[in-house]
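The values are calculated or read from the model by the stated rules, or taken from the named source; none is laboratory data. Remember, predicted model here, so these are calculated numbers, not experimental data. Virtual Cβ from ideal backbone geometry, glycine too; neighbours counted across all protein chains shown. Quick note on the areas: whole protein, heavy atoms, side chains included, nothing else; ligands and nucleic acids left out. Shrake-Rupley method; radii C 1.70, N 1.55, O 1.52, S 1.80 Å.
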Amino acid sequence: MRVEVLDNKRRIVRLRPESEEDLWLLRITLRPGDVVRIRTSRDVPVGSGRKERVVMTLRIRLDSIEFQPFTGKLRISGIVVEGPDEFGVKGRRHSTAVSIGTWLVVERDKGWSEQELERLASGRARGTAVIAAVDYDEFALAVLAGHGMKILEDTSARLPGKDDPSREQEVEKYVDRAAKRIVEEAARHRSPIAVIAGPGQLKTSVAEKVQRAMPSLKVATVDTSMGGVAGVREALRRESVTRILRELSIVEAEGVLEEFLRRIAKSRDTVAYTPGEVLAVARMGAVDTVLLVDALLHSPDDTVREAVDEALRLVESMGGRVIIIPGDSPAGERLVSFGGVIALLRYPVPQEARRL
């Protein structure tokens, strides 16, 4: 993310996302009420009932920020607070897409925290990886990024029976097609890593073809009990895959969640969950890692939003780790039952000491 602080006093910041990861970072940083100045286009009347699309620069007070993973765009909406007088756009609603490479200037009435600016400035694209799971019944292919996982394909193999003389030839075609799809998606998403999972030798045959077709790709294989989407999810739980993909926050989040569940089964005092409780232990400097879903940053409940903001600020200021993930990611869906946020503690904190 390119970040330029234009006015230290008013905290006017100029930003340019340079990857889809940056767009997601904007999604979790921008808030309703922020004013965004951006070059956009809008339909305006030009007489005789006709309209014409005109490029203009607008300042928009945001009330909606929507990110759709793997589209390369972030959609922002709100009320125009400043625009060309001749088009009468002030006070009207406008929606536009922020794409990779788009410059925008963001003004925040209450200013920006140092942690927010640092997060924006230090944000780097963690990249993507493709993950396939293949067996003689199913083939699934997914792309994994810090902001989520998307299943790209989930198909049945439909191979002839073992006694069919054409089976060997059809298996070879199946392997060729699987390898081709992996290479295509790795190239499309600029993924430096491909993980190919499944039981038995079939995955190795696919991996060898992938490596020959794309020598620059780092290809790893992992044993799973099955192919298909279930095999993809099983692969993500393997320690070897976690090491390979450790730079992707969505995998990092799964590891934190598993550690949370392991700890809570032994001692409730070594973890915390829900916004209020996490804030209480954050004020004590007890939080090592906090994991939360992005929706909490924009909660309509002022108490929840303020508690989360303060907790994150405290954790980051004390050298703790903050991981923010989409609510529709596998880990995000599991976090909902814990109030959308969990924390791993540096030391045990008794329950009676956690009251705000």
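Points to keep in mind about this one:
- Stokes-Einstein D in µm²/s, Kirkwood radius over Cα pairs - the chain at 25 °C with 0.890 mPa s viscosity: 108 µm²/s
- Projected onto its three principal axes, the C-alpha set of segment 72-225 covers 76, 34, 26 Å, listed from the longest axis down.
- Taken as Cα centroids, segment 318-342 and segment 158-190 sit 37 Å apart, rounded to the nearest whole angstrom.
- Ranked order, Glu168, Glu258, Glu4 - accessible area, probe 1.4 Å, largest first: Glu168, Glu258, Glu4
- Cα-based equivalent ellipsoid, segment 200-251: semi-axes from gyration tensor eigenvalues, Å: 19, 16, 8
- Cα extents for segment 212-286 along the principal axes, largest to smallest and rounded to whole angstrom: 54, 27, 17.
- Calculated mean residue ellipticity at 222 nm for the chain: -10000 deg cm²/dmol, from DSSP H runs with n ≥ 4 weighted as -39500 (n - 2.57), summed, divided by the residue count and rounded to 500.
- Degrees, to the nearest 10: 302-317 long Cα axis against longest axis of the chain: 70 degrees
- Tilt relative to the chain, helix 249-266 - C-alpha long axis, 0 to 90 degrees, to 10: 80 degrees
- Inter-label distance, nm, simple model (7 Å from Cα along the C-beta direction), Asp301/Arg50: 5.4 nm
- Distance (nanometres) between label positions extended 7 Å along Cα→Cβ at Arg313 and Asp7: 2.1 nm
- Approximating the spin labels as points 7 Å out from Cα along Cα→Cβ, the Val336-to-Leu261 distance works out to 1.6 nm.
- Of all lysines in the structure, the ones whose alpha carbon falls short of 20 Å from that of Lys90, not counting any fewer than 8 places away in one chain, are Lys51.
- Rolling a 1.4 angstrom probe over the protein heavy atoms with all chains in place gives segment 264-356 an accessible area of 44 Å² per residue.
- Cα-based reach from Lys218 at 29 Å (exclusive), listing lysines while leaving out same-chain residues under 8 positions away: Lys73, Lys150, Lys173, Lys180, Lys203, Lys209
- Sorting 170-183, 261-274, 151-164 by their mean Cβ neighbour count within 10 Å, with the most densely packed peptide first, gives 170-183, 261-274, 151-164.
- Shown is the FRET efficiency for Asp154 and Arg321, computed with R0 = 25 Å from the Cβ-Cβ distance and rounded to the nearest 0.05: 0.15.
- Each principal axis of the Cα atoms in segment 1-112 has its own extent, and those three values, largest first, are 44, 35, 20 angstrom.
- Per-atom-type breakdown for the chain gives carbon and sulfur 47% of the accessible area (1.4 Å probe, protein chains only).
- If a spin label sat at a point 7 angstrom from the Cα of Val229 along the line to its beta carbon, the backbone N atoms of segment 144-188 nearer than 14 Å would be those of 149-156.
- Highest to lowest packing among 97-105, 275-283, 83-91, scored as the average C-beta count within 10 Å: 275-283, 97-105, 83-91
- Cα long-axis angle, helix 20-29 against the chain (0 to 90 degrees, to the nearest 10): 40 degrees
- A 1.4 Å probe run over segment 43-90, with the rest of the protein chains in place, finds 60 Å² accessible per residue.
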